[in-house]
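Below is one structure, written out as structure tokens, with a few remarks after it.
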Number of protein chains: 2
Amino acid sequence: MRGVVLHAPGDVRVEEIDDPKITAPTDAIIRLSASCVCGSDLWPFRGVEHVDRPMPMGHEYVGIVEEVGSEVKNVKPGQFVVGSFVASDGTCEICRAGYPSSCVDRVFMSQVGTQSGRALIPHADGTLVATPAMPDAELIPSLLAASDVLGTGWFGAVAAEAGPGKTVAVVGDGAVGLMAVLAAKQLGAERIIAISRHETRQKLAREFGGTDIVTERGDDGVAKVKELTAGMGAHSVVEAVGTQESMQQAIRSTRPGGHVGFVGVNHDVALSGEELFFAQVHLLGGPAPVRRFLPELIDLIWERKIDPGKVFDLTLPLEQAAEGYRAMDERRAIKALLTL
Amino acid sequence: MRGVVLHAPGDVRVEEIDDPKITAPTDAIIRLSASCVCGSDLWPFRGVEHVDRPMPMGHEYVGIVEEVGSEVKNVKPGQFVVGSFVASDGTCEICRAGYPSSCVDRVFMSQVGTQSGRALIPHADGTLVATPAMPDAELIPSLLAASDVLGTGWFGAVAAEAGPGKTVAVVGDGAVGLMAVLAAKQLGAERIIAISRHETRQKLAREFGGTDIVTERGDDGVAKVKELTAGMGAHSVVEAVGTQESMQQAIRSTRPGGHVGFVGVNHDVALSGEELFFAQVHLLGGPAPVRRFLPELIDLIWERKIDPGKVFDLTLPLEQAAEGYRAMDERRAIKALLTL
């Protein structure tokens, strides 16, 4: 089959790779209906994460089950499924407590690769959720978004305890940040401040429920959020970048007793214990436990109450994946969908 | 009046200082019934915090109201009161949300000093809580503990979400750590792991409700806590030291989705964003919002359901305060009570 492989920073190729094979009785194989490029795929593409061998790429996916291992009970061939970017057993104490992305048996799908015609899904029962029926084609981008970018923005907003009466600020206007705006709106936030200096992203943020736009970054951005919140800072702040500056901006934009949900994969970030101590904010982040939210997210999409698929502003055939990486790297595109 | 003043690292003196005077209509003056030395007083005593002028010391206090400003309504002369180590207005949004120690008008009592015969209490209405009547002398150490060390350990346990069914680990066997053990017990924790290598402190930890003792520090301590929790780590971890090692030990001892409450005043701590991201633990710390807990803590003490005063294992007259500092610095005493 055809699949996307990263050979070195900047060197993305679409080439023949081995078809997946069931090896564990809990595996499933799906035929992908669509895949996409994630902001976190850009870390190795940019050489920030080390690449020491050709890496199959991708971890977001929706598709049709083709084959299941002998112990798989929750999904069957022919069903359309959405899964998390982290495969999880669904049965361990950590999964049952709501943190499947930290499952004791987890498998990051980025180690498997899903920018390809088919994909092996470990722990199928704990990882995949079937849709009520075959989806209309127009729903596929939104269902694909649920696999990571929507689920991750949603977790950011949940971790930040966005809700009624709350002012929520979102640091980062990438796809995850925009999804966090959508999530905050769905969770009932009163006011949603999107931090963005890009007009097209500002527009999308407003469509998703943003009420205010702040264009400043760093401590200037903090000052603006404080201006909008009587000097105290937001109740809830979602961090969706992962750099030293964005983490500090998020923490400093939060009022004492408030909540920071950080979902940007941190790179070279060192947080001052003294600052965290005196900031007195709640901090929770990490790889989003998307599987926890999937049934609810699929339902919202199925009922057409949310349209997260709008975050894809570039659609390319899988064969042109490299252009999707470049467009996102250069910020010409928010998020690229790959058709199969 | 007589009061404790730090002139330079290691140089604690008891000397004549000015009597306090009401300057704001929200002030009160109390005559102290007892004061004490806090672990955090040791930071400047040891020179870790800079001392650039003679500093009046102390921030814990109980006593009898002598005089109140014209706007004070909640307490009156003659009442016995307990107050937080942070004075707070009690009316701002941050106070009302439960974080009086981050009140927009807060005053750290360490800037005022309470190791003295009398003390000025700013924001008396928002800061002080009167006991139901004059307490028996035997209750005074416990009521004094509520002013900071008990309230701080309690906040650590609350921030760590200690409760029924939970395994709680406490990093640090100083007075605050021991109070966190007591708090975890009161909050209904199933299992409480005290990390301590000192026999007298281990004994006290067991008296307060500790069920297991771990003597190892750092990553060896982490490994022991994991051994006791099926490899996953504790649900709730209280950090009560404030160093790089203890913060890392606390974070690494917590299972994904678990909670760290950190109440050791951080000094020279840098937390890796990457590690925090993948640890996926909730983190909340800071100066404890003691005032939030005072009514409940006073009630528990008044009803003789808890005896936090046991944490004072050295009692000295105020004039011998320097010996109290030295005994705590050298870990000959857990906590020194100063009589007046």
Rounded to the nearest 100 Å², the accessible area buried between A and B, both sides, probe 1.4 Å, is 3100 Å²
Under 5 Å between amide hydrogens, which residues at least 5 positions from B:ALA169 or on another chain qualify, with H placed 1.01 Å from N in the peptide plane?
B:ILE193, B:SER236, B:VAL237, B:VAL238
Among the aspartates and glutamates, which have Cα under 13 Å from the Cα of A:LYS73 when same-chain residues fewer than 8 positions away are ignored?
A:ASP27, A:ASP89, A:ASP125
Report the relative contact order of chain B, percent, no decimals, based on alpha-carbon pairs under 8 angstrom and at least 6 residues apart.
19 percent
What translational diffusion coefficient, in µm²/s and rounded to a whole number, does the Stokes-Einstein relation yield for the protein assembly as shown at 25 °C and a viscosity of 0.890 mPa s, taking the hydrodynamic radius as the Kirkwood radius over Cα pairs?
92 µm²/s
Explain nothing, just compute: Karplus ³J(HN,Hα) = 6.51 cos²θ - 1.76 cosθ + 1.60, θ = phi - 60°, for every residue of region B:11-25 in order, whole Hz, x for Gly and Pro.
9, 9, 10, 9, 8, 6, 10, 5, 5, x, 10, 5, 10, 10, x
Take every Cα pair under 8 Å in region B:1-142 that's 6+ residues apart, average their separations, divide by the length, and report that relative contact order as a whole percent.
30 percent
Calculate how many DSSP beta bridges within the protein assembly as shown are antiparallel, expressed in % of all such bridges and rounded to the nearest 5.
55 percent
Which whole-number percent of Cα pairs in region A:25-104 have a distance greater than 20 Å?
49 percent
Taking only the alpha-carbon atoms of region A:188-340, what semi-axes of the equivalent ellipsoid follow from 5 times the gyration tensor eigenvalues under a square root, in whole Å, largest first?
29, 19, 17
The protein assembly as shown - mean residue ellipticity at 222 nm from DSSP helices (-39,500 (n - 2.57) per run, n ≥ 4, rounded to 500):
-8000 deg cm²/dmol
Which lysines, if any, have their Cα less than 30 Å from the Cα of B:LYS185, not counting same-chain residues under 8 positions apart?
B:LYS166, B:LYS203, B:LYS224, B:LYS226, B:LYS305, B:LYS310, B:LYS335
Express in % the proportion of alpha carbon pairs of chain B at distances exceeding 35 Å.
19 percent
Over region B:151-285, what percent of the accessible surface lies on carbon and sulfur atoms, probe 1.4 Å?
49 percent
Using only atoms on other chains, find how many Cβ atoms lie within 10 Å of each Cβ of peptide B:258-271 and report the average.
4
Pairing the Cα long axis of helix B:175-186 with the longest principal axis of chain B, what angle in degrees results, from 0 to 90 and rounded to the nearest 10?
70 degrees
Compute the long axis of helix A:199-208 from its Cα atoms, compare it with the longest principal axis of the Cα atoms of chain A, and write down the angle in degrees, 0 to 90, nearest 10.
80 degrees
For A:GLU245 and A:GLU138, compute 0.36 nm times the residue count separating them, minus their Cα-Cα distance, and round to one decimal in nm.
34.8 nm
Determine the per residue accessible area of the protein assembly as shown with all protein chains present and a 1.4 angstrom probe, expressed in square angstrom.
37 Å²
Please report the base-10 log of the normalised intensity I(q)/I(0) for region B:267-340, using a Debye sum with one equal scatterer per alpha carbon and no solvent, at each q in 0.15 (1/Å).
-0.85
Only counting protein heavy atoms at a 1.4 Å probe, give the residues of region A:93-124, ordered by number, whose accessible area falls by 40 Å² or more when the other protein chains are present relative to the chain alone.
A:GLU93, A:ILE94, A:TYR99, A:SER102
Compute accessible area for region A:286-333 by itself and then with all protein chains, 1.4 Å probe, and report residues whose area falls by 40 Å² or more.
A:PRO287
Using alpha carbons only, what's the Rg to Rh ratio of region B:61-159 with Rh from Kirkwood?
0.95
Looking at chain B, what % of its DSSP beta bridges pair antiparallel, to the nearest 5?
55 percent
The long-range amide H neighbours of A:VAL37, using H built 1.01 Å from N in the peptide plane and a cut-off of under 5 Å, are A:ALA336, A:LEU338
Mind pulling the per residue volume of the convex hull built on the Cα atoms of region A:93-211? Å³ is fine.
147 Å³
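The values are calculated or read from the model by the stated rules, or taken from the named source; none is laboratory data. Predicted model only: the values in this text are computed from it and were never measured. Note that each Cβ is placed from the backbone with ideal geometry, even for glycine, and that neighbours are counted across all protein chains shown. Please note that ligands, DNA and RNA were not included when accessible areas were found on the heavy atoms of the full protein model with its side chains. Shrake-Rupley method; radii C 1.70, N 1.55, O 1.52, S 1.80 Å.
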